[in-house]
Each structure stands twice: as structure tokens, then as C-alpha cells.
Amino acid sequence: MKSMFLFVVNTESGKGKGRAVWQKVEKSLQMYSIAYQVWFTQKERKLTPAIRNQLKSKRWRAVVAVGGDGTVNEAGGGVIGENIPFGIIPTGTGNDFAAYHKIPYDAEKALARILDFQAKLIDTAYVNGQPMLGSMGVGLDAIIVDRTNRSVHKKWLGSLSYGVEAIKSLFSFKPQKATLTIDGKEEKIGQNWIVAVVNIGQYGGGIEICPQAETSDGYLDICSIGNITKKEFLRAFPLAYRGRHADHPAVSMKRGQTITISGMFPLLYHVDGEIMGTTPVRVEIQPGSLLLL
């Protein structure tokens, strides 16, 4: 009998906000006599297989992530392809996935949406066999993610730390040659600044990198920026905060279902704000594979 909610709570998300939000949510669950179990985590890695293993018991009504995009991606990854709804109570610094799906930042309102139990079927993807709910990127964005996650200032600056590390990274970043293949069609990028493959339209705390993206169309959207000087990049990329960068000649917008990215040298890539490895990388759409509350 599917009677319990499984809550996965990242207590350190949002500068410790996750713990405080969970305390409020738990009181509401107890008030309404809702059966639940909670897992506390500070690290997202290995959540996906652990959740997938738990789902074998068939006793879960839904899985709910309380955290940021990293926690959402790892917890949601465990539900991909399962007939188990997935809910989110956002407590991170970016919360791009929640924002795209208009999930309230207010914990009580987010919980009310979950308990309303109206699920919609959305696409997900796999990146080198690992789950992706929102986005992945190779290039400058991955360097910024790496520096931000290792920054000693992240705990105090929150989402502002991304901007600080972006400015630092711009001065030291050197674009590398890359090969982008979309559904078998190969494209060479002489100086790759960014290749972003997304399921949702935004990343990086609100950058509208692919504003036309839809999560239920069976396709991934790709934005690549290359063969451009640093001065030109500085003019073009700020337009992405309003989704107005697509008309720049150095920006290419495409769609596909299977995308591979490689380079002459291994290049860092991130998935939903977490560094996952280096190229070559293969991204594959999983149409209609997640029930989102």
C-alpha cells in the first residue's frame, strides 16, 4: 500500500535554510496526521541509487526533495521512470527547476501544492548515465560552478557568490576547441565559451539561456556560444538574463534528443549546478519520464 511520503532534506541548503524549513513542514505534516519518513543529507551524491532502492518496497506515495537544484536533481533522479510522483520544497540558492515550474518558495504553499497531488508528466535526461532534470553545461559556466561550489564565501553570499566567481573566471578562462554533435550532425567550435544543454529554460539562478525550452516536448534545447572574443562575449552574455542573446551572431540555438560534447582536452561539465566529471559527455532525452507534483 502506497501510504507514506519520503522527504529528502538537505539541511545545509540555502545557507542552512533547509533545516529551518523542514521544521515548519514537519509540524504541518504532524498536524494533518500525514504519514512520512525523512532522510537528512548534506551531500547529494549517491541519493539517486538509494532512493531507487527504497522504491522497491512499493510503500511510497511520493518522494519530496527539500533543498536546492542539486538535491532536486539527485532525489528526482531516483524517481525517473517510476510511477511515483515527485514534489519539491525549494530551499537552495538558485532553485532554477522550482522557479521554472512555478513552485512556490514559501514552504507552506509548496507543501499545499504537493498535498493537492496534481501531477504532470515531464521529460528528463541522462548525462553519461546520470540523471538530469534541469540543465548541464560545458565551458565557462562549468568553471564558474566549480569555483562557486569550492568558494569559502558561498555560505555567506549565497547566490551572489555565483556572480563574484563569474567575474573572476572571465579574466582567467581560455576557450577550448570542442565538438558538438546533435542527433548525429557534427559541428566544430573553434573557441567554445559555453555549450548548455537544457530541459528547462533557465539556469545559474535565473539566466534565461534557452527561453524557448519546454519540459514536455520530447526534446532538449542547446545554446552554444563560440568563436567570439572576450570583449564580444561580455557584450553578448548579459543579454541572456532576459533571454535576448539568441540574435547575436556568435550564439547558436538548436534542439535535439541525443547530444554529445567532446574536446581536444577533457573539459569540466556540470549537471544542475554540480560538477560531475569531464568530457566526452553524452546527453539523452527521456520523454515523459517523471511525474511532477
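Every number here is computed from the coordinates shown, using simple stated rules; none is lab data. As the structure is a computational prediction, the values presented were derived from the model and not from experiment. A quick note on method: Cβ atoms are made from the backbone with ideal geometry, for glycine too, and the neighbour counts reach across all protein chains shown.
State the answer as a single residue: which of 200, 226, 164 lies farthest towards the positive end of the charge dipole of region 132-287, with beta carbon charges of +1 for Lys and Arg and -1 for Asp and Glu, about the Cα centre. Of the options given, the answer is 164.
Pairs of Lys residues in region 4-118 that lie 8 or more places apart, or on two chains, and have C-alpha atoms under 20 angstrom apart add up to 9. If a spin label sat at a point 7 angstrom from the Cα of residue 167 along the line to its beta carbon, the backbone N atoms of region 210-244 nearer than 20 Å would be those of 230-242. Summing charges over all other residues whose Cβ lies under 13 Å from the Cβ of residue 141, with Lys and Arg as +1 and Asp and Glu as -1, gives -4. A simple packing score, the average count of other Cβ atoms within 10 Å per residue, orders the peptides 18-31, 264-277 as 264-277, 18-31, with the highest score first. This model, with +1 at the C-beta of Lys and Arg and -1 at the C-beta of Asp and Glu, gives region 197-293 a dipole about its Cα centre of some 400 debye.
Does anyone have the angle between helix 160-172 and the longest principal axis of the chain? Alpha-carbon axes, 0 to 90°, nearest 10? Once rounded, one gets 20 degrees.
Simple rule: put +1 on each Lys or Arg Cβ and -1 on each Asp or Glu Cβ in region 136-293, find the dipole, and look at 212, 143, 263; the Cα lying farthest toward the positive end is 143.
Expressed as a whole number of Å, what is the distance separating the alpha-carbon centroids of region 239-293 and region 197-222? Cα centres, region 197-222 to region 239-293: 9 Å.
Compared with the dominant principal axis of the Cα atoms in the chain, helix 107-116 is inclined by about 70°. The residue 186 and residue 278 beta-carbon pair, evaluated with R₀ = 22 Å, returns a calculated FRET efficiency of approximately 0.65.
Here the chain carries DSSP beta bridges of which approximately 75% are antiparallel, counting only pairs with both residues inside. Sorting 60, 193 from the fewest to the most surrounding beta carbons within 10 angstrom yields 60, 193. The order of the peptides 198-204, 113-119 by mean Cβ neighbours within 10 Å, most packed first, is 198-204, 113-119.
Length available on full extension from residue 265 to residue 246: 0.36 nm per residue minus the Cα-Cα distance, which gives 4.1 nm. The GNM of the chain, with springs linking C-alpha atoms under 10 angstrom apart, assigns the highest mean-square fluctuation among 282, 52, 150 to 150. Placing a label point 7 Å from the Cα of residue 239 along the Cα-to-Cβ direction, no residue of region 182-218 has a backbone N closer than 13 Å. In this calculation the C-beta distance from residue 23 to residue 146 is compared with R0 = 41 Å, giving a FRET efficiency of 0.80. Taking Lys and Arg as +1 and Asp and Glu as -1, the other residues whose beta-carbon sits under 13 Å from that of residue 102 total +1.
Spacing of the modelled spin labels on residue 55 and residue 109, each 7 Å from Cα toward Cβ, amounts to 2.9 nm. Rounded to the nearest 10 degrees, the inclination of helix 140-150 to the longest alpha-carbon principal axis of the chain is 50 degrees.
Highest mean packing comes first when the peptides 219-226, 32-39, 235-242 are listed by Cβ atoms within 10 Å, giving 219-226, 235-242, 32-39. Computed over the chain, the per-residue total of -39500 (n - 2.57) for DSSP H runs of n ≥ 4 gives a 222 nm mean residue ellipticity of -8500 deg cm²/dmol, rounded to 500.
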